[in-house]
Amino acid sequence: MTRAIAATFAGLVLLAIIGAGGVLLVLYHFGQDLPDYQQLAHYEPPTVTRVHAGDGSLLAEYAREKRVFMPVAAIPKPVIQAFLAAEDKTFYRHSGVDLPGILRAVVTNVVNYTTNRRPVGASTITQQVAKNFLLSNELSVERKIREAILAFRIERAFTKDQILELYLNEIYLGFGSYGVAAAALNYFDKPLDELTLAETAFLAALPKAPNNYHPVRNRKAATARRNWVLGRMAADGFISPTDAEFAASQPLTIRTRSETRFVSAEYFAEEVRRALMARYGEAGLYEGGLSVRTTLNPRLQDIAQKALRRGIEDYDRRHGWRGPIDHFKLRFDWAERLARVERPSYPGDHELALVLAHDELGADIGFASGARGYIPMDEMAWARPWRNGQRVGKKPAQPGQVVRVGDVIPVVPASDGSPGIYSLSQVPDVDGAIIALDPHTGRILALVGGYSFEGSEFNRATQARRQPGSAFKPFVYGAALENGFTPSSLVLDAPFVIDQGPGRAKWKPANYTKRFYGPSTLRLGIEKSRNLMTVRLAQFIGMESVVDYARRFGIVDEMPELLSMALGAGETTLLQLTTAYAMFVNGGKRIVPTVLDRIQDRYGKTVFRHDTRPCPDCRNIRWHRQAEPEIPDTRPQVIEASTAYQVVSMLQGVVQRGTGRQLRDVGRPLAGKTGTTDDAFDTWFIGFSPDLAVGVYVGFDRPKSLGPREQGASVAAPIFKQFVSEALAGEPVIPFRVPPGIRLVRVNAQSGLPARPGERNVILEAFRPGSEPAGQGPVLDGPGSYVIDEATLQAGTGGLY
């Protein structure tokens, strides 16, 4: 008997050793070449990058997976309890694998096999983390063993809360939801902390098979599964039976996620996307979970979009009607045929309509929906026939001279808002851009790169390199002021000819008016945009000074030292030119334009800030009546503040008496300059108030003339005017700031000489102390440097006099 017991015991020991050896052999075999689970310590699930405007409103979202990362400490306890009850009730007690649970699953599955029921699993949350992060979804014994081995290793390397955080942020729960936070929004349009108990239980019911428990297609199964989770929560002591019963009685109601409202700023948002791509790469942008605060001012952006569109449409209407989009014979199925016509890339308020009939008073139109409308003759009176060279034919007297029955035409609601009344429209073939920025910081407050982003994503504010024409002249005059000239210095406005060498035509620049005005002050030269004065000035001070100015202000990096460059022949962008003008009004300080204010990573740490000025005292959270912190001005000085103000003062004269005088009735301190290139290929207006710099450009994408008599004053300046009129409405009226080192003297606006008592046409001129004119000064005429008397001046022998 004793020998039998001993033999049995020895056999059991041998079996145990063999079993243990077998387990070790299996563990060794399947434990080879497993993925490195330590990488989970540095795992950051792909999350949504959100881009916000300056006021916090949402501008754009970038993501491959719509996941919202939530630290486990921020996840409400009922959510955690629901998932533990449904997926792994012993999570905080096991070591990665639930052995009793596996045994129960084996017994259950044997019974299920005999009754043709679906087998059940026993994977713990840790095993699901191992599978989701490190393994595939392959159904095999080998994968389950490898999963169990990894689960043991993960449990030794990470805390339970770390494992739970990985699981709850990675798991897919249907409806395009990765993680519990995204699921709460997509199913119930709520953050996690606002979910009801019934809603929480439904989310916890989804991990096994989200499609099987679809709340609409499989509502009955989804409700049953939710109620099962509620029962498990009650059984595990997380909630009371009464609470579980009440929650189970609630209907399963899905709330479609509220449509996210985005600020309309497509060109700006694309600039932000490019900047983020350049800084963080594709993975950082689409997976990094960045929180981006941009410089955009939504109010100014909306004003800019409307001003640019209206200005482009006004120009387009001035140059005639280019005809219908399509034409077909009127039949009973006209609405269906109209619906098949490809819609041009319009802003949203444009529609396609079919001309059904017309008489001398107007035209009846129909829409693809079957609705009808009417275009009175007054709403198509602008439609003169377009002619080559942006010319137009005669003004139409009746609708039949504009449209025919069967024409497919674009229309917009009439401006007076009358129901059913429309105005004839068309897609402008000209385009343009507008940009507004803070001249003190470089923060871009509004940016519109074209008439329609849908029609063309090409950004004419940042990507189009065009000649600025006369808009470059302030930099020539600024260089002259730095080289000893004053706003009252005289330059001869007379014919100017340069021999360009054998076989080449002589270069003969001319004023826009084709006239000559004799000796004129620098102020008049810039106010009236005199080309001949500008060329003489550039020749005298040397093009190397002008090129240096263009480089310092960031307008053109490499400009050839040719006199034509002084008239704006070098190519630049609207952003570069507007930024350069901003450096005049900010006192000659260098600024760097930016669309980014601040960037935070997924954990809220600031990883980029545009304003890098040191300010340790700014970190004080509370104010105890201490002195305000002093923030140093670290901006480099581009030009002297006194020179910058003299240019500002002369540009203010452009608005008051010169080519920009249409802006006078805005009633604000404004300064700026028109720009028009040869044959009116490109038109500009760049200007500023004391705290806002604005640039406008209008031209064709494939350069050609804008037409006879068109210039910066007629095309770009009206857009500038509409924008600043609305943008500055309600803002305090602030004069341009006069820096130290400037003396304001009353002078005659025409001659630049000190004003006599009672004299009219007097302005305040800005001089450096000691440079004020005492009487008639010398006149610049060519590259020489002579000073001669007034009699010789009248004889006009040349030189500086």
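The values are calculated or read from the model by the stated rules, or taken from the named source; none is laboratory data. Being a predicted model, the structure only gives us computed values, none of them experimental. Reconstructed Cβ throughout: ideal geometry from the backbone, glycine too, with neighbour counts over all protein chains shown. All accessible areas refer to the heavy atoms of the entire protein, side chains included, with ligands and DNA or RNA removed. Shrake-Rupley method; radii C 1.70, N 1.55, O 1.52, S 1.80 Å.
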(request) Can you give me the number of residues within region 553-568 that are open to solvent by 20 Å² or more (accessible area, probe 1.4 Å), at pLDDT below 95 and within 29 Å of the chain's Cα centre (by Cα)? (result) 2
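Could you identify the single residue in T579, T572, T606 that is among the β-branched types (V, I, T), free of Cβ contacts under 8 Å to residues at least 12 places away in the same chain and under 29 Å from V448 (Cα atoms)? Working first, answer last.
Details: T579 fails: free of Cβ contacts under 8 Å to residues at least 12 places away in the same chain; T572 fails: free of Cβ contacts under 8 Å to residues at least 12 places away in the same chain.
T606 is the lone residue from the list that is among the β-branched types (V, I, T), free of Cβ contacts under 8 Å to residues at least 12 places away in the same chain and under 29 Å from V448 (Cα atoms).
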(request) Might you let me know whether region 45-52 holds any residue that is modelled with pLDDT of 95 or more and not polar (S, T, N, Q)? (result) yes
(request) Would you check which residues across region 538-573 are over 24 Å from N511 (Cα atoms) and part of a helix (DSSP H, G or I) and list them? (result) D548, R551, R552
(request) Of the conditions (1) out of contact with any Ser or Thr (no Cβ under 9 Å at 6 or more places or on another chain); (2) at pLDDT 90 or above; (3) not acidic (D, E), A157 clears all except one; give me its number. (result) (2)
(request) Would you tally the residues in region 437-454 being modelled with pLDDT under 95 and within 13 Å of Q301 (Cβ to Cβ)? (result) 1
(request) Could you tell me which residue of region 483-514 is least open to solvent (accessible area, probe 1.4 Å), considering only residues that are modelled with pLDDT under 90 and of a type in the set (G, A, S)? (result) G501
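Residues that are open to solvent by 20 Å² or more (accessible area, probe 1.4 Å) and either within 27 Å of V654 (Cα to Cα) or outside any strand (DSSP E or B) (or both): does region 470-482 have at least one?
Of all residues in region 470-482, those open to solvent by 20 Å² or more (accessible area, probe 1.4 Å) come to 482.
Restricting the remaining residues to those that are either within 27 Å of V654 (Cα to Cα) or outside any strand (DSSP E or B) (or both) gives 482.
Scanning region 470-482 turns up at least one residue that is open to solvent by 20 Å² or more (accessible area, probe 1.4 Å) and either within 27 Å of V654 (Cα to Cα) or outside any strand (DSSP E or B) (or both).
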(request) State whether one or more residues within region 613-628 are within 25 Å of the chain's Cα centre (by Cα), of a type in the set (V, I, T) and over 30 Å from P45 (Cα atoms). (result) no
(message) If L532 satisfies all but one of (1) at pLDDT 95 or above; (2) open to solvent by 20 Å² or more (accessible area, probe 1.4 Å); (3) in contact with an Asp or Glu (Cβ under 7 Å, 6 or more places away or on another chain), what's the number of the condition it fails?
(response) (2)
(request) Provide a single number: the residues in region 324-364 that are in contact with an Asp or Glu (Cβ under 7 Å, 6 or more places away or on another chain) and within 30 Å of E266 (Cα to Cα). (result) 3
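Wholly within region 176-265, which helices (runs of 4 or more DSSP H) include no fewer than the required count, namely at least 2 residues that are open to solvent by 70 Å² or more (accessible area, probe 1.4 Å)? Walk me through how you get there before you give the answer.
Numbers: elements: 180-188, 197-204, 219-235, 241-248.
Qualifying helices (runs of 4 or more DSSP H): 219-235, 241-248.
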(request) Give me the pairs, please: first residue somewhere in region 506-531 and part of a loop (DSSP other than H, G, I, E, B), second residue anywhere and charged (D, E, K, R) and surrounded by fewer than 17 Cβ atoms within 10 Å (Cβ to Cβ), beta-carbon distance under 8 Å, and either six or more positions apart or on two chains. (result) K506/D499
(message) Condition check: outside any loop (DSSP other than H, G, I, E, B) and in contact with a Lys or Arg (Cβ under 7 Å, 6 or more places away or on another chain). Does D378 satisfy that?
(response) no
(message) Quick check on P616: is it closer than 30 Å to A275 by Cα and either touching a Phe, Trp or Tyr at 6+ places or on another chain (Cβ under 6 Å) or open to solvent by less than 80 Å² (accessible area, probe 1.4 Å) (or both)?
(response) no
(request) Using the structure shown, decide if G588 is open to solvent by 10 Å² or more (accessible area, probe 1.4 Å) and at positive phi. (result) no
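Would you confirm whether or not region 354-376 contains a residue that is under 22 Å from V715 (Cα atoms), touching a strand residue (DSSP E or B) at 6+ places or on another chain (Cβ under 8 Å) and touching a residue at least 12 places away in the same chain (Cβ under 8 Å)? Can you show your working first?
Going residue by residue through region 354-376, those that are under 22 Å from V715 (Cα atoms) are none.
No: zero hits.
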(message) Show the residue pairs meeting these rules: Cβ distance below 8 Å; 6+ apart or different chains; first residue within region 382-393 and under 14 Å from D314 (Cβ atoms); second residue of a type in the set (F, W, Y) and in a loop (DSSP other than H, G, I, E, B).
(response) none
